[in-house]
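First up is the structure itself, then whatever we jot down about it.
The values are calculated or read from the model by the stated rules, or taken from the named source; none is laboratory data. Computed from a prediction, not measured in an experiment: that's the story for all the values here. Cβ sites come from the backbone with ideal geometry, for glycine too, and all protein chains shown count toward neighbours. For the accessible areas, the whole protein counts, side chains as well, though only heavy atoms, and no ligand, DNA or RNA atoms are used. Shrake-Rupley method; radii C 1.70, N 1.55, O 1.52, S 1.80 Å.
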Amino acid sequence: HDRGKVVEWSAEGKPVRMSGTHADISDRKSAEERLRESETNFRTFFESIGDFIFVGSFDGRILYANPAVNQKLGYDSDELKTMYFRDMHAAEQRQEAETIITEMLRGECQNCPLPLASKEGVLLPVETKVWFGKWNGADCIFGISKDLSAEMEAQQRFERLFRNNPTLMALIEITEQKFFDVNDAFLSTLGYSRDEVIGRSSDELNLILNPEQLETSRQKLLAGHQISNVDLQVQCKDGT
């Protein structure tokens, strides 16, 4: 970075002497380049992530939203500039959403489970988190809403396979061996209600007639093995 000035002129008005400095700004230029790269990477992340990202002012007005908001929720950039965080929710949930966002910013809760609403009114399952930050040098609020559509679809597929399966199926907490879910075939075949089973173990229900064999299978599972084709005698509620 060069700076200088003429300090002596000839009688004819021509420059004779000048003084100046030459400063090595290599480090500053490198820092500026790293900053540009960081900004590019940051913008690329914002632009490409599939979840919904919002930047807003302290009063909740939307300053920026990434393309996922445009693509999945149907709002264009001009529309978003006139909207607030609360407007991304269904009308009947906006007051609740505003309350939860305030509580998150105070550190009183971790996330907001309310769905986002598309421009056409379709609700998308999300989990939203917000935090304070800076955007273009000004204080702001960042918000990210994780799109749970794929997880919800997978959960629904599991529910259909689990609930309606004619085979007896159960989900058991492996250390305490407590049932935390069973399907309808389990209940109808063994004669129990859901309340009688959930939170209890097979020992408490006297469900397995040879518990030592069940314990052997459990130890194999704890060791990371898979078990199959194990025959067990299971007792119904009526003793059958």
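Some notes on this structure:
- Its DSSP H runs of at least 4 residues, each contributing -39,500 (n - 2.57), put the calculated 222 nm mean residue ellipticity of the chain at -10500 deg cm²/dmol, to the nearest 500.
- Segment Asn70-Thr99, extension gain: residue separation times 0.36 nm, minus the distance between their alpha carbons: 7.9 nm
- Normalised by residue number, the volume inside the convex hull of the Cα atoms of the stretch 77-129 is 81 Å³ per residue.
- Once the Cα atoms are used to define both axes, helix 211-222 deviates from the longest principal axis of the chain by about 20 degrees.
- Semi-axes of the equivalent ellipsoid for the stretch 1-128, computed as √(5λ) from the eigenvalues of its C-alpha gyration tensor and ordered from largest down, come to 54, 16, 15 Å.
- Taking 7 Å steps out from each Cα toward its Cβ at Glu196 and Phe132 produces label points 5.6 nm apart.
- Based on protein heavy atoms only, the stretch 133-195 ends up with 61 Å² per residue of surface accessible to a 1.4 Å probe.
- Heavy-atom accessible surface of the stretch 42-109: percent carbon and sulfur, 1.4 Å: 49 percent
- Relative packing of peptides 159-165, 28-34 - highest average C-beta neighbours within 10 Å first: 159-165, 28-34
- The chain: angle of helix 26-48 to the longest principal axis, Cα-based, in degrees nearest 10: 40 degrees
- Take each peptide in 8-14, 75-81, count the other Cβ atoms within 10 Å of every residue, and average; sorted highest first, the result is 75-81, 8-14.
- Of Lys5/Lys29; Lys72/Lys178; Lys178/Lys237; Lys29/Lys72, pairs whose Cα-Cα distance is over 29 Å: Lys72/Lys178; Lys29/Lys72
- Per residue, the convex hull volume that the Cα atoms of the stretch 82-240 enclose (Å³): 199 Å³
- Exposure ranking of Cys112, Cys236 by accessible area [1.4 Å probe, largest first]: Cys236, Cys112
- When the solvent-accessible area of the stretch 116-181 is split by element, carbon and sulfur atoms take up 59 percent of it, the probe being 1.4 Å.
- Between helix 94-105 and the chain there is an angle of about 70 degrees, using the helix long axis and the longest principal axis of the Cα atoms.
- Hydrodynamic radius (Kirkwood) for the stretch 154-240, which is based on Cα pairs only, to one decimal in Å: 13.8 Å
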